[in-house]
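Just below is one structure, and these are the notes that go with it.
The values are calculated or read from the model by the stated rules, or taken from the named source; none is laboratory data. Please read all numbers here as calculations on a predicted model, not as lab measurements. So basically every Cβ, Gly included, is an ideal-geometry build from the backbone, and we count neighbours across all protein chains shown.
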Amino acid sequence: MMIQYSIEELHQLLQLNDFDSKMYYDELFQEAEFQQKKLNAFVTITKEKAYKDLKKADFISLLSGIPYVLKDNYNTKGIRTTASSLMLEDYIPIYNAHVVDLLNQQGSCLIGKSSMDELAMGGTNQSALTGIVYNPWDRTRIAGGSSGGSAALVASGVVPFALGSDTGDSIRKPAGYCGVVGFKPTWGRISRYGLIPYASSLDHVGAFTRNVRDMAIVIETLAGHDEKDMTSSIREVPHYLENLNDNIKGLKIGVLKSISDEIIDIEVKENFDSIICKLQGLGAVVEDITMPSNLMKAILPTYTIIANAEATSNHACLDGIKYGNRQDGETIDEIILHSRTHGFSHYIKRRFILGNLALATENQERMFKKAQKVRRLIVEELNRIYEDYDVILTPNGRGIAPKVNEIVNNYLYDDHVILESHLCLANLAGLPALSLPSGFVDGMPISVHLMGRIFEEQTVFNVAYALENILDFKNQYSREG
Amino acid sequence: MNFEQIIGLEVHCELKTNSKMFSASPVTFGKEPNTMINEIDMAMPGILPVLNKRAVEYAIRVCYALHMDIDELLRFDRKNYYYSDLPKGFQITQEQFPIGKNGYLDIVVDGKTKRIEIERLHMEEDTAKQFHYDSYSLIDYNRSGIPLIEIVTKPAIRSGAEASAYLEKLRQVFLYTDVSDAKMEEGSMRCDINISIRPLGSQKFGTRTEIKNLNSISHVQQAIEFESLRQEKIILDGGKVLQETRRFDEKRKETVAMRIKENVANYKYYPEPNILPIRLNHQWVMDIKERLPIMAEQREKIYIDKYGLSQSEAHRLISYKELSDFYEETVKNCSRYKIACHLLLGEVLGYLNKKNISLEETKLTPHYLSEIIEYIDEEMISSKQAKEVLECVMTEGKKPQCIIEEKGMKQISDVDILTQLIDQILDNNEKSIRDFSSGKDRAIGFLVGQVMKETKGQANPKITNQLLLKLLKERVQ
């Protein structure tokens, strides 16, 4: 079996004269189809296009000829893009997302579009039109969401990298469940043009890889200003790969006790403590920090209100008039009503109702505007912490991936909601954040979460790189069943 | 009981920028439906807005022309509602922080000047155009996303005539700031009316109705007249005016109810997350002010005070911006302000009306016009000939000099040539000399006629007259 290579390994192979790239892709698609039966992670496999792209690839740049997967909320010209929603079941975009253009320019080969929670709203991938995505390490468990398909396909070794999107934790949570590296950079670092949105002020383009160096390569390629996205930064993009440095002596790392104290699973706790020791061993200054508990409690409601409020208007374009699954009606209002009633799952409609409620004139002051104010307070609090610390360390959620039959609809009301939901701090503040595999519990991977200052992606990469080098999980993938 | 009309106007104006408010597709009119669009205009999932800098510049121009305070921190909001002509399901507008606030426009009605206060000017994007048929509707997205400015007055207007004067003046502002064609009949300028009435002297406002989408200034006036009478009748009959949206039926010249506004629409405005607040460069804003074209009012004043035109001449010139622009260009090269004005308002306008074309469609340029005026000045051609030349230039586009030469119009002003010619004529007309000496002035006219006949009208009349008189006197002595 030739697959499971990292980007750098594969790049070296592709440059060899006697390496048969066609045969590599033949095997890759065999494996992809095999894994699809097991994991249900693809929405579409784009075999034909991949071979076409491969023919054009010159293998000169690091990503040339490298196979990858896109979450199905990235617009791909001429390739069905469903966002895992019935509403967009037959939607074929007329344009490419900016990052897709960038990867095309590099000569990367798209091999498929991956399953996700409907419109990226969710953390379990259970709301996907094509059904649940199974965890490569244990098929009785979920891959997580919303970028579940991408996470599973990197974790099973099919592709060395995949793009996801992250609005609350949608890359980092499934990355943790699947034992791969998941990262989203600073808000504005990568153009969102062509990413079907969830909540614009919280949405991030990001990726899954099986090691930190590969992540540096992918993010360096995608980052930079795009004139089609006014919120994309004009700051120069550093050479993340070249600058990667595992010497983190003297770096100040704050352990957010308000989160880590909530860990109940003893093995998760032990793992987390061992990571702290390892960081100290690497010469980092690791200290406990806290955030006011009322602010911690406000994270989820704040996030929920802002995310759903923005989502409700972001998805107002899905009305069945110009595209989307149109249902009949006597009037225009009826067509829109019927199309939207038919096209969205119950779960999505619930979120839209919540978003509308928060924005309604009579509620806006005490809901949406209040959430905006609290968001500001949270950001200010984080900024205070970053005056003294370079990186904030937390566990990457509660623990291992839940069983498929364990997930319940109202998991939002979980007792350990703060532990489970705090990853969206990085979205509220637009911070670069990475989840790094840190161990196994019951044979399932767990991760830690690193969050840096805005535009300091490099620091986050360096800490992750240093840790990765002394842990045993670099390039790991699952060969279960 | 006498009633007073309380009227506020909301005017939408499409800006004639090259591209749309938030997308790079072109701003066009009358092109084949759905050919001038991209993914942004159709609100394909995943698109993002990019603000058109030129549209901001245009908005600022109008703000200055309307004497408004400019907010240099640009902020945009989403206005959320579902409608088939609104592809995104929301419109990007400036609800909370309009770019312009607190302006005014002075209007003249019945010889009296009145200041109409303007509350706000904000930028937004146009919707798609819909065509409704019996069993189906068609949508043209070419219009979707065209930059709009909306200008809202305070409820300061008191009659249809005032509304009409305000709209005329506002239209002139759009034209003179060069931001729009402002053609109401084509929809690049649209007007909504808010109107209520109250007993004269009352301070309380009555219930207002809104009349949507008027497409000519005269319709606005007619709608206001009808609507205020309708409301008056309801009140006098002891009824209640309903708060509703109405439209104007052009054939019946009546307003017709469209929908009742039971509760104020909940647009759930909130800040547009994909456009962060933009701090405009103060110098850039100042430069726009600096480069602002001279407005109609100021031009009128200059024409009267500096160029010595009459009030009515000045007014006629500024009533068409292209005419006024043409005039300004012409008098840059020639200081015969009055002649230039007379030729433009007389010959040129007459020609345009006769042919039903615009000034741009003729071959006449300000340079040609000043050239013609120069020839008149130098007495190279007569003013009668000038008119002929002018018409030729407008139709054929040849240089005036060529036309004059081709037609052999050049005046003979050479004293030697004329002296020789007059001497000859006098030799052949002994009788006229005798008539002259016996005091019959008529003889001069006859002799001039003879000169003109010989020269095919090219003899300079002034010099001919002078010479003839001199030579006659010599012979009589």
The residue that is farthest from the chain's Cα centre (by Cα), considering only those in region B:75-105 that are in contact (Cβ under 8 Å) with a residue 40 or more places away in the chain and more than 14 Å from chain A (Cβ to nearest Cβ), is B:ILE99
Among strands (runs of 3 or more DSSP E) lying entirely in region B:124-219, which contain 3 or more residues that are hydrophobic (A, V, I, L, M, F, W, C) and buried (at least 20 other Cβ atoms within 10 Å of the Cβ)?
B:147-153, B:189-199
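Does region B:413-435 contain any residue that is under 47 Å from the mean Cα position of the chain (by Cα), free of Cβ contacts under 8 Å to residues at least 60 places away in the same chain and more than 30 Å from B:ASN353 (Cβ to Cβ)?
Yes, region B:413-435 contains at least one residue that is under 47 Å from the mean Cα position of the chain (by Cα), free of Cβ contacts under 8 Å to residues at least 60 places away in the same chain and more than 30 Å from B:ASN353 (Cβ to Cβ).
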B:SER319 vs (1) modelled with pLDDT of 90 or more; (2) surrounded by fewer than 16 Cβ atoms within 10 Å (Cβ to Cβ); (3) within 23 Å of the chain's Cα centre (by Cα): all pass except (1)
Quick check on this structure: which one of B:TYR64, B:TYR58 is more than 13 Å from every other protein chain (Cβ to nearest Cβ) and either touching an Asp or Glu at 6+ places or on another chain (Cβ under 9 Å) or at pLDDT below 95 (or both)?
B:TYR58
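Taking the stated definitions as given, is A:ASP288 charged (D, E, K, R), part of a loop (DSSP other than H, G, I, E, B) and touching a helix residue (DSSP H, G or I) at 6+ places or on another chain (Cβ under 9 Å)? Give the derivation first.
On the way: charged (D, E, K, R): yes; part of a loop (DSSP other than H, G, I, E, B): no; touching a helix residue (DSSP H, G or I) at 6+ places or on another chain (Cβ under 9 Å): yes.
For A:ASP288, the condition - charged (D, E, K, R), part of a loop (DSSP other than H, G, I, E, B) and touching a helix residue (DSSP H, G or I) at 6+ places or on another chain (Cβ under 9 Å) - is not met.
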Write out, first by first residue and then by second, each pair whose Cβ atoms fall under 7 Å of each other, whose residues are 6+ apart or on separate chains, and whose first residue, in region B:265-284, is more than 8 Å from chain A (Cβ to nearest Cβ) while the second is in a strand (DSSP E or B) and among the hydrophobic types (A, V, I, L, M, F, W, C).
B:GLU272/B:ILE92; B:PRO277/B:LEU73; B:PRO277/B:LEU74; B:ILE278/B:LEU74; B:ARG279/B:LEU73; B:LEU280/B:LEU74
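Is it the case that some residue within region A:386-405 is within 14 Å of chain B (Cβ to nearest Cβ) and either buried (at least 22 other Cβ atoms within 10 Å of the Cβ) or farther than 30 Å from B:LEU138 by Cβ (or both)? Break it down into steps so the answer makes sense when it comes.
Initial filter on region A:386-405 (within 14 Å of chain B (Cβ to nearest Cβ)): none.
So far as region A:386-405 goes, no, none of its residues is within 14 Å of chain B (Cβ to nearest Cβ) and either buried (at least 22 other Cβ atoms within 10 Å of the Cβ) or farther than 30 Å from B:LEU138 by Cβ (or both).
Looking at the structure I just gave you, is A:GLU220 without any contact (Cβ under 8 Å) to a residue 24 or more places away in the chain, more than 28 Å from A:SER421 (Cβ to Cβ) and not in a loop (DSSP other than H, G, I, E, B)?
Details: without any contact (Cβ under 8 Å) to a residue 24 or more places away in the chain: yes; more than 28 Å from A:SER421 (Cβ to Cβ): yes; not in a loop (DSSP other than H, G, I, E, B): yes.
Here the answer is yes, as A:GLU220 does meet what is asked.
Restricting to region A:17-64, name every residue that is aromatic (Phe, Trp, Tyr) and outside any strand (DSSP E or B).
Here is the first cut: in region A:17-64, the ones aromatic (Phe, Trp, Tyr) are A:19, A:24-25, A:29, A:34, A:42, A:51, A:59.
A:PHE19, A:TYR24, A:TYR25, A:PHE29, A:PHE34, A:TYR51, A:PHE59 - these are the residues of region A:17-64 that are aromatic (Phe, Trp, Tyr) and outside any strand (DSSP E or B).
Taking region A:228-243 as the search range and keeping residues that are more than 23 Å from A:ALA199 (Cα to Cα) and not aromatic (Phe, Trp, Tyr), which one is nearest to the other protein chains (Cβ to nearest Cβ)?
If we filter region A:228-243 for residues that are more than 23 Å from A:ALA199 (Cα to Cα), which is where we start, we get A:235-243.
Subsequent filtering for residues that are not aromatic (Phe, Trp, Tyr) retains A:235-239, A:241-243.
Numbers: A:ARG235: 14, A:GLU236: 20, A:VAL237: 20, A:PRO238: 23, A:HIS239: 27, A:LEU241: 28, A:GLU242: 31, A:ASN243: 28 Å.
Among them, the one singled out is A:ARG235.
Return yes when A:ASN271 is within 30 Å of A:ASP442 (Cβ to Cβ), out of contact with any Phe, Trp or Tyr (no Cβ under 6 Å at 6 or more places or on another chain), touching a residue at least 40 places away in the same chain (Cβ under 8 Å) and not hydroxyl-bearing (Ser, Thr, Tyr) and no when it is not. Before the answer, list the steps.
Values: within 30 Å of A:ASP442 (Cβ to Cβ): yes; out of contact with any Phe, Trp or Tyr (no Cβ under 6 Å at 6 or more places or on another chain): yes; touching a residue at least 40 places away in the same chain (Cβ under 8 Å): yes; not hydroxyl-bearing (Ser, Thr, Tyr): yes.
Judged against the criteria, A:ASN271 is a match.
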Would you check if there is a residue in region B:85-96 being in contact with a strand residue (DSSP E or B) (Cβ under 9 Å, 6 or more places away or on another chain), outside any loop (DSSP other than H, G, I, E, B) and of a type in the set (D, E, K, R)?
no
Can you list residue pairs whose Cβ atoms sit under 8 Å apart, with the first residue in region A:45-59 being closer than 20 Å to A:HIS11 by Cβ and the second being of a type in the set (Lys, Arg)? Count only pairs 6 or more apart in sequence or on different chains.
A:TYR51/A:LYS22; A:LEU54/A:LYS22
Has region A:164-175 got any residue that is crowded, with 24+ Cβ neighbours inside 10 Å and within 14 Å of chain B (Cβ to nearest Cβ)?
yes
Looking at (1) within 14 Å of chain B (Cβ to nearest Cβ); (2) crowded, with 24+ Cβ neighbours inside 10 Å; (3) of a type in the set (S, T, N, Q), which is the one condition that is false for A:SER200?
(2)
If you check A:VAL237 against the conditions, is it among the hydrophobic types (A, V, I, L, M, F, W, C) and assigned to a helix (DSSP H, G or I)?
no
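So which residues in region B:9-24 are surrounded by fewer than 21 Cβ atoms within 10 Å (Cβ to Cβ) and more than 10 Å from chain A (Cβ to nearest Cβ)? Walk me through it before giving the result.
Our first condition is that a residue be surrounded by fewer than 21 Cβ atoms within 10 Å (Cβ to Cβ); within region B:9-24, this holds for B:10, B:12, B:16-19, B:24.
Answer for region B:9-24, where residues must be surrounded by fewer than 21 Cβ atoms within 10 Å (Cβ to Cβ) and more than 10 Å from chain A (Cβ to nearest Cβ): B:GLU10, B:HIS12, B:LYS16, B:THR17, B:ASN18, B:SER19.
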Which pairs turn up if I take residues in region B:355-366 that are in the same structural domain as B:LYS398 (by TED's automatic domain parsing) and look for partners that are of a type outside the set (A, V, I, L, M, F, W, C) with beta carbon separation below 6 Å, at least 6 apart in sequence or on another chain?
B:LEU359/B:GLU322; B:LYS363/B:GLY397; B:PRO366/B:GLU329; B:PRO366/B:THR330
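Looking at region B:29-75 only, could you name the residues that are of a type in the set (Ser, Thr, Tyr) and not in a helix (DSSP H, G or I)? I'd like the intermediate steps shown before the answer.
Here is the first cut: in region B:29-75, the ones of a type in the set (Ser, Thr, Tyr) are B:35, B:58, B:64.
Matches in region B:29-75: B:THR35 only.
Listed residues A:ASN294, A:ASN383; which is modelled with pLDDT under 95, farther than 19 Å from A:MET121 by Cα and more than 12 Å from every other protein chain (Cβ to nearest Cβ)? Don't jump to the end; show me each part of the working.
Details: A:ASN383 fails: modelled with pLDDT under 95.
Result of the check over A:ASN294, A:ASN383: A:ASN294.
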Looking only at region B:73-118, and only at residues there that are within 29 Å of B:ASN274 (Cβ to Cβ) and touching a Gly at 6+ places or on another chain (Cβ under 8 Å), the one that is modelled with the highest pLDDT:
B:ASN80
Report yes if some residue within region B:43-55 is away from every other protein chain (no Cβ under 14 Å) and surrounded by fewer than 20 Cβ atoms within 10 Å (Cβ to Cβ); otherwise report no.
yes
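Identify all residues within region A:65-95 that are part of a loop (DSSP other than H, G, I, E, B), among the β-branched types (Val, Ile, Thr) and within 12 Å of chain B (Cβ to nearest Cβ); write none if there are none.
Residues of region A:65-95 that are part of a loop (DSSP other than H, G, I, E, B), as a first pass: A:65-66, A:72-73, A:75, A:77-78, A:80-85, A:89-95.
With the extra rule that they be among the β-branched types (Val, Ile, Thr), the set shrinks to A:66, A:81-82, A:92, A:94.
Across region A:65-95, the qualifying residues are A:THR81, A:THR82, A:ILE92, A:ILE94.
Please give the strands (runs of 3 or more DSSP E) falling wholly within region A:128-215 in which 2 or more residues are at negative phi, at pLDDT 95 or above and within 13 Å of the chain's Cα centre (by Cα). Can you show your working first?
On the way: elements: A:138-142, A:161-166, A:181-184, A:204-209.
In region A:128-215, the matching strands (runs of 3 or more DSSP E) lie at A:161-166, A:181-184, A:204-209.
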